[in-house]
Amino acid sequence: MGIKTFTWLSFASLVLVLLFSSCGGSGYSGGGGGGGSAPSAPTGLTATAGNQQVTLAWSASTGATSYHVKRSTTAGGPYTQVAVPTTPNDIDASLTNGTKYFYVVTAVNSYGESANSSETSATPTAPVASVHVTVNVLDDRHPISQYVYGGSYPKDTSTITDSGLSVVRWGGNGTSTYNWKLFTYNADNDYYFEDFSAGPNWDPDSTKFITDVKAASSNPLMTMAMLPWVAKGAEVASPPNNHWSFSVLKYGAQCHVDPFNTDAGNGVAAGANCDSAPTYLVADPKDAYQPLLDDTTTTCPSGQTCVYRNQWAAALATAFGSAPHFYNLDNEIDIWGGTHRDIHPNPTTFQELRDIYLMEARALKGWDPAAIRLGPVSCCWYFYWRSATGASDTTSHGGVDFLPWWLNEVAWSDQVAGGRSLDVFDIHAYPDADTGSLSTAQKQALATHAYRDWWDPTYNSAAQYVVQGGFSNEPLDGKPFRIPRMRAILNATYPGTQFAITEWSAEFAGGTDFSTALGDADAYGILGRERVYLASRWVAPDPANPNYLALKLFRNYDGAHHAFEATSVSATNDADPNLFSSYAAVNAAGTSMTLLVINKNPANAVTAALVLNGFTPSQVTAYTLSSASPTSIVASATQAWNSTVTLPKYSVSLFVISGTTANNPATTWDPNPDTVMVPAGGTVALQPMITSASGTVTLGTPTFDTGITFAVTQGSVSTSTKGAVTVTAGNMPGFYHYVLPGTDNAGVTQNEGGWIVVGKPAASFTKTGDGQAGTHGTTLNLSVTLVPGASGGTVTGASVLFTTDAGSLSSRVVTTNSSGLAAVVLTLPATAGTVHVTAEGPVGLGHPIATFTETSQ
């Protein structure tokens, strides 16, 4: 689990109570003497709710010259005076729909004010909204990966099966120090750097975890630790075994200690401002840890008991058996200097994060040839772009943002090595938000729409540090556009690599709150629609909470393990995306459709008109999870199709629709890639390809946003021939959508859409040594000099990949010096002929390329 930046503030309520003294009766006696009196309290008060208003009426009080209307959001007050009408009625306007208001009225004349009337209440509501949902079964068709419905640490194995979790992750900070021999882990900065037994919701034995998850019909995702230490035996405080990193007895008084073990400190020296200005202590890892080594070829330090990764990997591989061998390469390695500072006291750097991943990922493949490796398991938005050392690390690596740099380094290293080390590009994706000053209602609203962060090109982050940006070279970096942005970078840098999100959640109002169920339902829909390969919620939903049922709507809506269909299709709507979402999928035969719609409005039902293009519905069964019934999925009777439905307020409705597809496609195809990054003014090639079945596809005329242009140069696609489409970017960085039609050999036209993410203009190279000639077998000096231009890059520390089609090079990947120079020596081949050498600059700087043509004589 990564660092969560949400700040929760509590506010004391200040209530001002005015005590009125009375003289000979109720109410304040104004003026002196006389036989008059204040009027009696009004009776018959009624409140009628309207749209953002409440209409009040009451019986007139004899002798009253005016009235005081008082309002509260709490039964019994305290009340705030909101109006002083002279007649026995009032309209209280500009209210918040969905909030319950409580009213009392007093009568007033020159002698004083009456007591309060009896209290009444009303909840203003907006008129029922109307939404149009349009499903097109031939638009944006693609498989939904069944691995997107994952979660970490479910309650037990029966809930794995019942909820339909498709992936169960063994992950989080504790797994970075897990000892597979002793079944222990160190809690590190999560809890006083103490060693504990794995549990209580873990299988302590990692191999048993795998077999139990498999037996529950799911797929395990393990974490392979990359830090060099694992926990000793579980701590014992009395008598002490001192299996914690920061002993007070050893290191002195500390800012905080474990209340249950007062010798275990937090590793911050005690002082007047220890929380705000910490002085970090340096631990001896041997106090709480044993060395973790790759294998026995490395000598175990004297007096230490060592644990070995290769032995652990072999045991895990046996446990995996025929299931996919999914491995996270550790957890949130970019913040080890905080989460695991007892054994990694320094901030992680670009270089370290590249080198440790490449070393351990390649070693893991040798220990378990079936390993599917996920990395770098990055924690959060800021660290996507910067290392923990800050801006200087970026500047000294060509000015390339961290994740684009890391991907580029891994891709080129794999190219040189001749084999992959990365199978799935993996990040953690908690929607960022500033929640400290928000009311409960605002947190609930945010929880239901925060996942716009993942997909919406118009959505500004709910965190100001993201909106203000300035720490990355990414286009429109105040608008996260997280999944398409990441996939665009990935497809441009390391094509053919899958994308995963192995931690996510947005429990702004708490896991038990119904807003979390609505948000989770939205997240599952987005993950399938946006082509994510694997995803795992932190943590798996608790069966006591409504969001557990949100997962079941996708995986086991009827208790018989029927699930959301597996081919995503377009499901658009004309509603406010903060208040409404829609997702659809069909089966391969075209005889069944699942349509999931989310009404996020807490106060009002929605009338939805459903249009299903390309699909003729016959019957439908609705499965509804709503705030009115948050502990169960309510199924309707199966009935004839009706295109107009009423969606309850604050609800998720799944419509399971049977019918027929008149023109089921003979084949399916993909733009390959659908989403990609390109520098401003640059070009990128799409290579449309058949993805299932056989047949042919003829590409049609694309449509696209202003700011990019498309040219189809090879319009015929078959199982043996890819198409060719050239995309040219304009000069304005941003996000641009396109639609590419294709008609298959059965005459069925599918429309595939995607995104072109346009970055800054590309850097360029000047080259030295082009056009040389030499005797075969001799050497030539070649070099390029990086010119960053408007790319946002710097000249120093950028990697350059050199490739030759003949002869050999002194180096393949060269880092530019302080002048931007990268040089290699070409040894000409033993035979005469022309030699071509290519120099490629970082994709994060627009992928500049220089070519050399040399002659071997």
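The numbers here are math on the coordinates, done by the rules we state, and not lab data. Bear in mind the structure is a predicted one, so any value in this text is a computation, not a measurement. Reconstructed Cβ throughout: ideal geometry from the backbone, glycine too, with neighbour counts over all protein chains shown.
Here is how the numbers come out for the structure above:
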quantity: Span per principal axis, largest first, for the Cα atoms of the range 643-774 (Å); calculated: 74, 41, 23
quantity: Whole-number percent relative contact order across the range 588-685, with pairs defined as alpha carbons under 8 Å at least 6 apart; calculated: 40
quantity: Long-range tail of P(r) for the range 260-400 (Cα pairs > 22 Å, %); calculated: 55
quantity: Listed peptides 271-282, 674-685 by packing density, highest first (mean Cβ within 10 Å); calculated: 674-685, 271-282
quantity: Share of Cα-Cα pairs in the range 378-491 lying beyond 17 Å, as whole percent; calculated: 60
quantity: Debye equation applied to the C-alpha atoms of the range 102-233, log10 I(q)/I(0) at 0.11, 0.12, 0.15, 0.17 Å⁻¹; calculated: -0.62, -0.65, -0.81, -0.94
quantity: Hits among lysines - C-alpha to C-alpha of Lys649 under 18 Å, sequence gap 8 or more where chains match; calculated: Lys100, Lys443, Lys600
quantity: Packing rank of 730-742, 704-716, where each peptide gets the mean count of other beta carbons within 10 Å, highest leading; calculated: 730-742, 704-716
quantity: Sorted largest first, extent of the range 459-512 alpha carbons per principal axis (Å); calculated: 40, 28, 17
quantity: Kirkwood Rh and Cα Rg combined as Rg over Rh, evaluated for the range 165-278; calculated: 1.07
quantity: Net dipole in debye of the range 320-389 [+1 Lys, Arg Cβ; -1 Asp, Glu Cβ; about Cα centre; nearest 20]; calculated: 180
quantity: The chain, relative contact order [Cα under 8 Å, separation at least 6], %; calculated: 10
quantity: Surrounding net charge for His325, when Lys and Arg each add one and Asp and Glu each subtract one, Cβ distance under 13 Å; calculated: +1
quantity: Segments 77-89, 211-223 sorted - mean Cβ within 10 Å per residue, highest first; calculated: 211-223, 77-89
quantity: Average Cα contact separation per residue, the range 357-420, under 8 Å, 6 or more apart, as relative contact order %; calculated: 22
quantity: Alpha-carbon spread of the range 583-652, three principal axes, descending order, Å; calculated: 37, 22, 20
quantity: Positive minus negative residues near Gly164 (Lys, Arg vs Asp, Glu; Cβ under 12 Å); calculated: 0
quantity: Rg over Rh, two decimals, the range 767-814 (C-alpha only, Kirkwood Rh); calculated: 1.04
quantity: 10 °C / 1.306 mPa s Stokes-Einstein diffusion coefficient of the range 574-718, Kirkwood radius on C-alpha pairs, µm²/s; calculated: 86
quantity: Size-normalised alpha-carbon gyration radius of the range 322-448, reference 2.2 N^0.38 Å; calculated: 1.23
quantity: Values of log10 I(q)/I(0), in the order q = 0.18 Å⁻¹, for the range 708-829 under a Debye, Cα-only, solvent-free model; calculated: -0.96
quantity: Whichever aspartates and glutamates have a C-alpha closer than 15 Å to that of Lys70, once near sequence neighbours (fewer than 8 apart) are set aside; calculated: Asp90, Asp92, Glu113, Glu119
quantity: For the range 427-576, diffusion coefficient by Stokes-Einstein and Kirkwood Rh (Cα), 4 °C, 1.567 mPa s, µm²/s; calculated: 79
quantity: All Cα pairs of the chain, percent lying beyond 45 Å; calculated: 39
quantity: Cα-based reach from Lys155 at 17 Å (exclusive), listing lysines while leaving out same-chain residues under 8 positions away; calculated: Lys208, Lys214, Lys552
